[in-house]
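The values are calculated or read from the model by the stated rules, or taken from the named source; none is laboratory data. Here the structure is a predicted model, which means the values were calculated and not measured. When we count neighbours, we look across all protein chains shown, and the Cβ atoms used for this are built from the backbone with ideal geometry, even at glycine. Keep in mind that these areas ignore ligands, DNA and RNA; they rest on the heavy atoms of the full protein, side chains included. Shrake-Rupley method; radii C 1.70, N 1.55, O 1.52, S 1.80 Å.
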There are 2 protein chains.
Amino acid sequence: MNDDARWMAAALALAGRTRGRTTPNPNVGCVIVRDGRVVGRGWTQAGGRPHAEAMALGEAGGAARGATAYVTLEPCAHVSTRGPACADLLVVAGVARVVAAIGDPDPRTDGGGFARLRAAGIAVESGVLADAARRSMAGFLTRRALGRPHVTLKLALSLDGAAAMADGRSQWITGAAARAHTHLERSRHDAILVGRGTWEADRPQLDVRLPGLEDRSPPRVVLSAKARHCERSEAIQGPTPHALDRVAPLAMTAPIWITAPHDIAALPADHLFVEGGARTAAAFLRADLADRLLLYRAPILIGGGRTLADFGLTDLADAHGRWALADQRQLGSDRLEVYERA
Amino acid sequence: MNDDARWMAAALALAGRTRGRTTPNPNVGCVIVRDGRVVGRGWTQAGGRPHAEAMALGEAGGAARGATAYVTLEPCAHVSTRGPACADLLVVAGVARVVAAIGDPDPRTDGGGFARLRAAGIAVESGVLADAARRSMAGFLTRRALGRPHVTLKLALSLDGAAAMADGRSQWITGAAARAHTHLERSRHDAILVGRGTWEADRPQLDVRLPGLEDRSPPRVVLSAKARHCERSEAIQGPTPHALDRVAPLAMTAPIWITAPHDIAALPADHLFVEGGARTAAAFLRADLADRLLLYRAPILIGGGRTLADFGLTDLADAHGRWALADQRQLGSDRLEVYERA
């Protein structure tokens, strides 16, 4: 990994801090480097502002002059009521070089940020750790490209694929470390969805029970195919900033009800965490609305348990080549494997 | 790993060469080391004789005098019509030291081999790589301790635990590398068992289709709970040497039929490979007759497929702590995990 890639990796680490809390803005990271030292660090703040570049430039002050700015996304070119364009801020600060991971598909920027920097005589490079950046900002990019949230399916399974015993008991398949990791993943999403069966059987809290992250619990969504549940639904509004206010104690907040997986497009969330159960996971796979699989696997056999339901596969050959292993690790005696769309 | 352990590891590698082909004898390995060099190597030959020590001493000749013999099992103390006692051979050859992994539970030896060596002034140590040796000779040791073969359950599964689609199609879940590994495992077992459903639906060959190992295909056993199938069964005899003659083209040989998992005790096999399907695997788990799990997992989702059947688990807590991960590796895009009884 060369120097540019190492600094970009640092910027990506910062970008991860507010993943799931910047919707509809992307979660961007930025480090400003001068003479081999970091002089400023920034990341999109919860709610979407300030932007990463503004925060990093603020920290760098005069040290930004002649420095290199590493940003995980092309600096924005549009002025909003909430702040100036980041490309303009970089020009004014006098940075000598900007290295970006990927361009910004937002039509208000989409190359315009790079153009403005170049017009001011700043050296611009793009494409450094692009894959990692696409993964980091998957929610923003999926919303831009497909008009819906990026969907992670979580499955906690036995070796034989059971998410629960035949009668529904599932406490516990995985151990404490795996469950804590699930809570961390919750904190990185805008919304958590379960099926009506899971909701009514378990009334799961679905909150983040990790020290210091209790206020990161995302709003809850329940999928119910039965129309009679619509009367309970809250109105679904289009993506608007701050639509999901996390100040209220969320365990007390009524969930949002939807009737079909495609309804997620209307949720004000760019990162959706689908937690169960096995039928709900199948419904998302059937609708081709699963982008990432989070598989926690415990070293146990259950036998005759509840496994992933039929999602319409008709030919075994079609099952292959769809999922690529992106990450894996041991969590106590359980194993986590992360798969992404191939 | 010290020198003794390194030489013992070499002896264990030799011991693996005839695993599954020495029943009712153990598959033993032996290396004879003098001045830091191997002067003789031996392993129990297919059919059970010559023993590892006899072969290694034959290769070493006069170089065995003053050398150290590393053996994976206590040298036998009993003379048989098929050869002299290995303890006596080691004494006559003039080895200075014998290092063994474990003692031989056979009542005809059971410490008698070590005693005879010590009585002749040979230094004796035991317990080097004992766990690995117990794993290597699991068939022999399980037969001695429990009066039945050591049982490996093989499962080739999708990420969601399906061994087949709902209609039974399973070609293919895993890829070529995983299937080749299964053929290698077949060659290391005395017998391969499938359930009647798998047998009648697929008429599987269950042979070893690996270059150079075609003659290692073990006899086939079919489990059928229905008594009417007994009329087709061949007579089952107790363990006798050479009962399973592998010279005949096995694909042409009629299988042995049994009616319950516990019938495996009467098979002339110490290493049994249970290949499927999901109901048969459950029958062995229900009877507590599974010692080792060989899990091949393909990076695919099937949904609503055939998964491991109910084997009588009533409390999720009882599922934990039963299986310990013993080995894992990548086989192409599939993952192999080997679990053993904890």
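Given B:Ala46, B:Ala11, B:Ala5, which one is touching a residue at least 40 places away in the same chain (Cβ under 8 Å) and touching a Ser or Thr at 6+ places or on another chain (Cβ under 9 Å)?
B:Ala11
For the stretch A:141-155, name all the residues that are open to solvent by 10 Å² or more (accessible area, probe 1.4 Å) and hydrophobic (A, V, I, L, M, F, W, C).
A:Leu141, A:Ala145, A:Leu146, A:Leu155
Starting from residues that are more than 7 Å from chain B (Cβ to nearest Cβ) and either under 19 Å from A:Ala287 (Cα atoms) or modelled with pLDDT under 95 (or both), keep the ones in the stretch A:304-316 and report whichever is most open to solvent (accessible area, probe 1.4 Å).
A:Thr314
For the stretch B:195-207, what are the residues that are under 18 Å from the mean Cα position of the chain (by Cα) and surrounded by fewer than 23 Cβ atoms within 10 Å (Cβ to Cβ)?
Matches in the stretch B:195-207: B:Asp207 only.
For A:Thr72, indicate whether it is under 27 Å from A:Ala265 (Cα atoms) and part of a strand (DSSP E or B).
When the stated conditions are applied, A:Thr72 passes them.
At pLDDT 95 or above, open to solvent by 10 Å² or more (accessible area, probe 1.4 Å) and in a loop (DSSP other than H, G, I, E, B), is that true of A:Val128?
yes
Which residues, taken from the stretch B:281-304, are touching a strand residue (DSSP E or B) at 6+ places or on another chain (Cβ under 6 Å), within 26 Å of B:His189 (Cβ to Cβ) and part of a loop (DSSP other than H, G, I, E, B)?
Residues satisfying the conditions are B:Leu289, B:Ala290, B:Asp291, B:Ala298.
Assuming A:Arg297 fulfils every condition listed in (1) at pLDDT 95 or above; (2) of a type in the set (Lys, Arg); (3) surrounded by fewer than 21 Cβ atoms within 10 Å (Cβ to Cβ) apart from one, which condition is it?
Condition (3) is where A:Arg297 drops out.
Which condition from (1) within 23 Å of the chain's Cα centre (by Cα); (2) among the hydrophobic types (A, V, I, L, M, F, W, C); (3) at negative phi is the one that A:Leu129 breaks?
For A:Leu129, the exception is condition (3).
Do the conditions hold for A:Gly161, that is, is it crowded, with 24+ Cβ neighbours inside 10 Å and either modelled with pLDDT of 95 or more or away from chain B (no Cβ under 14 Å) (or both)?
The answer is yes for A:Gly161.
In the stretch B:292-303, what residues are more than 7 Å from every other protein chain (Cβ to nearest Cβ) and touching a His at 6+ places or on another chain (Cβ under 9 Å)?
Once the filter is applied, which keeps residues that are more than 7 Å from every other protein chain (Cβ to nearest Cβ) and touching a His at 6+ places or on another chain (Cβ under 9 Å), the stretch B:292-303 yields B:Arg292, B:Leu294, B:Tyr296, B:Ala298.
Return yes or no: is B:Ala319 among the hydrophobic types (A, V, I, L, M, F, W, C) and either surrounded by fewer than 17 Cβ atoms within 10 Å (Cβ to Cβ) or more than 8 Å from chain A (Cβ to nearest Cβ) (or both)?
No: the conditions fail for B:Ala319.
Is it fair to say B:Ala100 is in a helix (DSSP H, G or I) and under 30 Å from B:Leu267 (Cα atoms)?
No.
Taking the options A:Leu267, A:Leu289, name whichever one is surrounded by 19 or more Cβ atoms within 10 Å (Cβ to Cβ), under 19 Å from the mean Cα position of the chain (by Cα) and within 14 Å of chain B (Cβ to nearest Cβ).
A:Leu289
Away from every other protein chain (no Cβ under 11 Å), open to solvent by 10 Å² or more (accessible area, probe 1.4 Å) and part of a strand (DSSP E or B): is that true of A:Asp327 in this structure?
Taking the combined requirement at face value, the residue satisfies it.
Regarding the stretch A:136-154, can at least one residue be identified that is under 30 Å from B:Thr314 (Cβ atoms) and within 27 Å of the chain's Cα centre (by Cα)?
yes
Is one or more of the residues making up the stretch B:15-35 surrounded by fewer than 18 Cβ atoms within 10 Å (Cβ to Cβ), within 30 Å of B:Ala191 (Cα to Cα) and among the hydrophobic types (A, V, I, L, M, F, W, C)?
no
What number goes with the only condition from (1) more than 8 Å from chain B (Cβ to nearest Cβ); (2) at pLDDT 95 or above; (3) over 17 Å from the mean Cα position of the chain (by Cα); (4) crowded, with 23+ Cβ neighbours inside 10 Å that A:Gly277 does not pass?
(2)
Of the residues that sit in the stretch B:57-74 and are out of contact with any Leu (no Cβ under 6 Å at 6 or more places or on another chain) and of a type outside the set (Gly, Ala, Ser), which one is surrounded by the fewest Cβ atoms within 10 Å (Cβ to Cβ)?
Residue satisfying both the conditions and the ranking: B:Arg65.
Is it the case that A:Ser136 is open to solvent by less than 30 Å² (accessible area, probe 1.4 Å), touching a residue at least 24 places away in the same chain (Cβ under 8 Å), of a type in the set (Ser, Thr, Tyr) and within 30 Å of B:Asp310 (Cα to Cα)?
Judged against the criteria, A:Ser136 is not a match.
What are the residues in the stretch A:263-277 that are out of contact with any helix residue (DSSP H, G or I) (no Cβ under 9 Å at 6 or more places or on another chain) and either among the small types (Gly, Ala, Ser) or in contact (Cβ under 8 Å) with a residue 60 or more places away in the chain (or both), if any?
A:Ala266, A:Leu267, A:Pro268
Restricting to the stretch A:333-342, name every residue that is surrounded by 15 or more Cβ atoms within 10 Å (Cβ to Cβ) and part of a loop (DSSP other than H, G, I, E, B).
Within the stretch A:333-342, A:Ser333 is the sole residue that qualifies.
So, in the stretch B:193-211, how many residues would count as being among the β-branched types (Val, Ile, Thr) and under 15 Å from B:Gln171 (Cα atoms)?
Of the residues in the stretch B:193-211, 1 are among the β-branched types (Val, Ile, Thr) and under 15 Å from B:Gln171 (Cα atoms).
Regarding A:Ala119, is this residue closer than 15 Å to A:Glu74 by Cβ, surrounded by fewer than 21 Cβ atoms within 10 Å (Cβ to Cβ) and not charged (D, E, K, R)?
yes
Only one of these is in contact with an Asp or Glu (Cβ under 7 Å, 6 or more places away or on another chain), open to solvent by 10 Å² or more (accessible area, probe 1.4 Å) and small (Gly, Ala, Ser): A:Gly113, A:Gly40, A:Gly83, A:Gly103. Name it.
Going through A:Gly113, A:Gly40, A:Gly83, A:Gly103 in turn, just one is in contact with an Asp or Glu (Cβ under 7 Å, 6 or more places away or on another chain), open to solvent by 10 Å² or more (accessible area, probe 1.4 Å) and small (Gly, Ala, Ser): A:Gly103.
Taking the residues in the stretch A:167-184 that are part of a loop (DSSP other than H, G, I, E, B) and open to solvent by 70 Å² or more (accessible area, probe 1.4 Å) as candidates, determine which candidate is farthest from B:Leu316 (Cα to Cα).
Looking at residues that are part of a loop (DSSP other than H, G, I, E, B) and open to solvent by 70 Å² or more (accessible area, probe 1.4 Å), I get A:Asp167.
From the set of residues in the stretch A:86-96 that are of a type outside the set (Gly, Ala, Ser) and farther than 9 Å from A:Leu117 by Cβ, which is least open to solvent (accessible area, probe 1.4 Å)?
So, considering only residues that are of a type outside the set (Gly, Ala, Ser) and farther than 9 Å from A:Leu117 by Cβ, the one least open to solvent (accessible area, probe 1.4 Å) is A:Cys86.
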